[in-house]
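Chemist: This is the structure I want to talk about, given as structure tokens.
Please treat every number below as a calculation from the coordinates, not as lab data. Quick caveat: nothing in here was measured; it's all calculated off a predicted structure. Glycine gets a Cβ as well: all are built from the backbone with ideal geometry, and neighbour counts include every protein chain shown.
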Amino acid sequence: MFSDILLTVDFDRTLTAPDSTIPRRNLEAIQYFMENGGAFTVNTGRSVPMYSSQRDKVSVNVPLLLYNGSAAHTAEGHLTNCFIIPTDPKAMIEDIQARFPDLAVELQGEKYHYLFRKDAMWENYCDNNGCPWAYADLDAIPLPFLKLALYEKFTANTVASMYQATPAQLAYFDEVEAYVKQRYAGLVEVFRAAPRIIDIHAKGVSKAAAARQLQKDLGRKILVCVGDAENDLAMLRDADYAFCPSDGIVADRFPNVCKCAEGAVADVIYKKIPEILGVQP
């Protein structure tokens, strides 16, 4: 039934509820979709380490699209289609840390997330999210240089807390985002993964480009995407069909399904894709 479809979905607050649990309805729908010929994967800003604790919870049948599209990750554990940030990582990290000393500047590697200054709350945040972490020396930065994430000082150990921001915090992150875009114009893409998270990648990287490349590799005719936030915009705009949970940050710009906690991905599989195909679910 679904053999023409590649479905790629964002993870946080799209596949998951705001409390980071995955609605059972979504898991059952994904299994049904794959059993009936659909190609399904997660398309997320999360890295291999940050996604590792979730991998066994969600079945996929094609490579994962991670790091906002900077790399794909196969079932065999290999990174493919990698896009390296084309600048000296040490110089870039030192520059951002000097300009914004209150920020945590995190390198998201293949095996660990790395920080370059001691931060007990960051350790707690990583532990709470099942993400392996380590401290690194700026003179021996672990490669590949796929992604930097910028956080303000941690006040809680959950991803959900990064969606909570005061007007002053929003203004501060607007300033950080504008600086990185101007300072590294032509070299990087900058995504606002959450109100208090900024992701930095190589120029040209996007969830959209990663999804289209996978669609080409698989020979699927129709790309359907589901997302909720600003770093999903390119993916949603470029998809053949795009949907957003009704409580998503960008819900006013795309056709809506139910709230993420109610099983937004399941709504797409059970209701929207059959409508696209003109078949009964």
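Chemist: Just wondering, is there one or more residues in region 222-234 that are over 21 Å from Glu189 (Cβ atoms) and surrounded by fewer than 19 Cβ atoms within 10 Å (Cβ to Cβ)?
Modeler: yes
Chemist: Residue check, Ile5 against (1) under 18 Å from the mean Cα position of the chain (by Cα); (2) buried (at least 24 other Cβ atoms within 10 Å of the Cβ), all met but one. Which one?
Modeler: (1)
Chemist: I'd like to verify a number: residues in region 220-235 that are in contact (Cβ under 8 Å) with a residue 24 or more places away in the chain, within 16 Å of the chain's Cα centre (by Cα) and over 16 Å from Glu275 (Cα atoms), how many?
Modeler: Here is the first cut: in region 220-235, the residues in contact (Cβ under 8 Å) with a residue 24 or more places away in the chain are 220-232, 234-235.
Subsequent filtering for residues that are within 16 Å of the chain's Cα centre (by Cα) retains 225-232, 234-235.
Among the residues that remain, those that are also over 16 Å from Glu275 (Cα atoms) are: 227-232, 234-235.
Result for region 220-235: 8.
Chemist: Follow-up. With the condition being in contact (Cβ under 8 Å) with a residue 60 or more places away in the chain and surrounded by 19 or more Cβ atoms within 10 Å (Cβ to Cβ), I'd like the strands (runs of 3 or more DSSP E) fully within region 78-196 carrying at least 3 qualifying residues.
Modeler: On the way: elements: 104-108, 113-115, 133-135, 148-151, 188-194.
Result: 188-194.
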